[in-house]
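Since every read-out is calculated from the coordinates, none of them should be taken as a lab result. Since we're looking at a predicted model, the values are computed, not measured. Note that we place each Cβ from the backbone using ideal geometry, even for glycine, and neighbour counts take in every protein chain shown.
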Amino acid sequence: MKILIAGLGSIGFRHANNFKQLGVEKLIGFDPATKPRAKFEKHFNFPVVDSLEKGLAHSPDLTVISSPNYYHMEQAIMAAKQGSHLFIEKPLSHSHDGLDILVGLIKEKNLFTHVG
């Protein structure tokens, strides 16, 4: 299983640790900031990217969205369009804008999606 973690702050880092302990061998980290990418790459020795598009180019099976909540909806829609299952940190978003699009994509592509 290939997992993309979008947002490499403390929550994203914790998810990466958990997945590594579970035996996931293919993690990709995304963060627009240099410092969290460097920390992730050094600690996990997995690839890191500086854009969500580059992360999605790895065709992840699952995308974990642990970025600031005002990015959640946009990132979830982008990942769903690629057919990636979703785990989205709470809250789902700071607004309902785009919710109908996201729900439509989830149904159309039969994606597992969880907000936690």
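In this structure, the amide hydrogen of Ile28, modeled 1.01 Å from its nitrogen in the peptide plane, lies closer than 5 angstrom to those of Ile3, Leu4, Ile5, counting only residues at least 5 positions away or on a different chain. If you keep only loop residues by DSSP, which GluC sites (Glu not before Pro) in the stretch 1-106 have at most 11 other Cβ atoms within 10 Å of their Cβ? Taking the stretch 1-106 and a limit of 11 other Cβ atoms within 10 Å, the loop GluC sites (Glu not before Pro) found are Glu25. Each residue, Leu99 and Lys35, gets one label point 7 Å from its Cα in the Cβ direction; the gap between the two is 3.4 nm.
Rounded to the nearest Hz, the phi-derived 3J(HN,Hα) couplings of the stretch 45-56 under the Karplus curve 6.51 cos²θ - 1.76 cosθ + 1.60 (θ = phi - 60°) are 6, 10, x, 10, 9, 9, 8, 5, 4, 5, x, 5, where x marks glycine and proline. In vacuo Debye scattering of the stretch 17-112, one point per C-alpha: log10 I(q)/I(0) at q = 0.14, 0.18, 0.20, 0.22 Å⁻¹? Values returned for q = 0.14, 0.18, 0.20, 0.22 Å⁻¹ are -0.52, -0.85, -1.03, -1.20.
Considering the stretch 1-58, its Cα convex hull presents a mean projected area of 3.3 nm². Mean residue ellipticity, 222 nm, helices only, the chain: the sum of -39500 (n - 2.57) across DSSP H runs of n ≥ 4, divided by residue count and rounded to 500, is -13500 deg cm²/dmol. Counted by Cβ distance under 12 Å from Gly7, the other residues give a net charge of 0, where Lys and Arg count +1 and Asp and Glu count -1. Projecting label points 7 angstrom from Cα along Cα→Cβ for Lys42 and Glu74 puts them 2.9 nm apart.
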